[in-house]
């Protein structure tokens, strides 16, 4: 691989836009997101063409030591880089050498090591006291983008957290927050009656699992994975609630801070832990043929945490997806039957006895008829950073993965991405 080595011989006093030249060049090279490396070396002695001498041996002469700034980069990039380095270097000597590189290996991390929790957390989070009624919590969550809320003591210290899972388990909330808004108003009133008498102290998970604001982001991700959590409260040095951090915050940081994997590949760098969709995807997504009854889809959604069923055609090619929201919309004319099923945990047979039309509709529908077909998908060999970019831009939590022939292979989820990144 042809590489170019650039050396700039300058001094500690050299500046660019008011900052030390060495700092400015390091930041410039870092921001290129290419397979380049930069090294700044400080000499112990030297002299300049104006007759000035610098040496640690004499205290009065040790104030302006010589520096050597070395940049090594793929030769194909030098046309864009050398003019900038020349413009930045107003004092010194620059040399250029062509080198044949035998190999360039790079261990790049999906989750940047240098980022701390406080750099990306959401500040001033909404919280509730332990005495807050469940109805107030539902109202706050339904009107916001988050799905959990910390419970704090009067001094600002978190004593617990109420998650969507807590509401489903402890308050017997029949549906996820995202589905509740699609129900009729009288169903929402029925939900208020179900939750009456519950307060934050009855619903919250305690003690909380939290992270400190000065912890590394990678440590916070490990805590999320270890405890199966999607978001974490963040504490300041006094132990008070300082913010919240979610998986989406992590993904946005990856897009901003992580390396450009495709650029590294183009530069023929040997990556020791390349991240592709194939490495991070899940293979346990339920699959149904398009002529399968809707009943089968409902049962599969109930029994898997991925909450999606892939509908496939001949040869396993993906045709569409079924989710709980797809089911709700498909039977919009029979929401009373759906409501009975979720609230009373009735079997569809029992719900059908109460709602004959609903039962007939279930028997008449197939997976292919109700599946959603306007879906985004990924290929197995897509770079993981491009996959994350799509998921963040389209606010997707799960994306189906196909091979080059369009055959369904699995599902990429937010959780599976973080597990792949942490494992590497």
Margin query: Quick test for you: out of 25, 53, 34, 69, pick the one residue that is free of Cβ contacts under 8 Å to residues at least 24 places away in the same chain and in contact with a helix residue (DSSP H, G or I) (Cβ under 7 Å, 6 or more places away or on another chain).
Written below: 53
Notebook entry, point to check: Which one of 419, 372 is at pLDDT below 90, surrounded by fewer than 18 Cβ atoms within 10 Å (Cβ to Cβ) and in contact with a helix residue (DSSP H, G or I) (Cβ under 8 Å, 6 or more places away or on another chain)?
Noted result: 419
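Per-residue answers, yes or no, for (1) out of contact with any strand residue (DSSP E or B) (no Cβ under 6 Å at 6 or more places or on another chain); (2) farther than 14 Å from residue 5 by Cα; (3) exposed (fewer than 15 other Cβ atoms within 10 Å of the Cβ); (4) modelled with pLDDT of 90 or more:
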site	(1), (2), (3), (4)
34	yes, yes, no, no
51	yes, yes, yes, no
69	no, no, no, yes
83	yes, yes, yes, yes
Next item on the list: For residue 25, indicate whether it is on the phi < 0 side of the Ramachandran plot, surrounded by 17 or more Cβ atoms within 10 Å (Cβ to Cβ) and touching a strand residue (DSSP E or B) at 6+ places or on another chain (Cβ under 6 Å).
Entry: yes
Next item on the list: Name the residue, out of 204, 281, that is outside the structural domain of residue 155 (by TED's automatic domain parsing), over 19 Å from residue 115 (Cβ atoms) and at pLDDT 75 or above.
Entry: 281
Next item on the list: Test residue 396 against the criterion of being without any contact (Cβ under 8 Å) to a residue 60 or more places away in the chain and in a helix (DSSP H, G or I), and give yes or no.
Entry: no
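The values are calculated or read from the model by the stated rules, or taken from the named source; none is laboratory data. This one's a predicted model, so the numbers in the text were calculated from it and none came from an experiment. Positions of Cβ are backbone-derived with ideal geometry, glycine not excepted, and every protein chain shown enters the neighbour counts.
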